[in-house]
Amino acid sequence: MPSIAVLENVDDNESSCTFVFENEGHTLGNVLKSIICRYPDVNFCGYTVPHPADTKMHLRIQASKNVRAVDVLRRGLADLEKVCDHTITTFESAYNDFQEPK
């Protein structure tokens, strides 16, 4: 499980933060960015892997003034879990249908 730290918190209401994920890279960064960018209360979301030899991923979230970036991150992770659960269920169903004798 990755550890997460706050690298930078720009404003007092915590609507803009950069989170550092240890032992993560493009796989998690790209999917989280894709999910979070769709939220209407998010102004910007992006990620970077600062150096290929470093196993850290930085995720930047800038939300509306009345929304905390950490809450957006939690919602993004929860939505990612739902997507993964749906993918597993769909795959297992299709696999079982394929395995049944005809």
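Read-outs: derived from the displayed coordinates by stated rules, not from any lab. Predicted, not measured: the structure shown is a model, and the values here were computed from it. A quick note on method: Cβ atoms are made from the backbone with ideal geometry, for glycine too, and the neighbour counts reach across all protein chains shown.
Phi-derived couplings, Karplus 6.51 cos²θ - 1.76 cosθ + 1.60 at θ = phi - 60°, listed residue by residue for region 32-39: 5, 4, 4, 6, 5, 4, 7, 6 Hz, with x used for Gly and Pro. In plain terms, if you count all Cα to Cα distances in the chain and split them into 5 Å steps from zero, the share in each step is 2, 13, 20, 20, 15, 10, 7, 5, 4, 2, 1, 0, 0 percent.
Per-residue ellipticity at 222 nm from helix content only, as computed over the chain with -39500 (n - 2.57) for each DSSP H run of at least four residues, stands at -14500 deg cm²/dmol.
For region 1-91, what is the relative contact order in percent, using Cα pairs closer than 8 Å and at least 6 residues apart in sequence?
Numbers: 155 pairs, mean separation 26.4, N = 91.
Answer for region 1-91 is 29 percent.
Other residues lying with their Cβ under 14 Å from the Cβ of T87 contribute a combined charge of -3, Lys and Arg counting +1, Asp and Glu -1.
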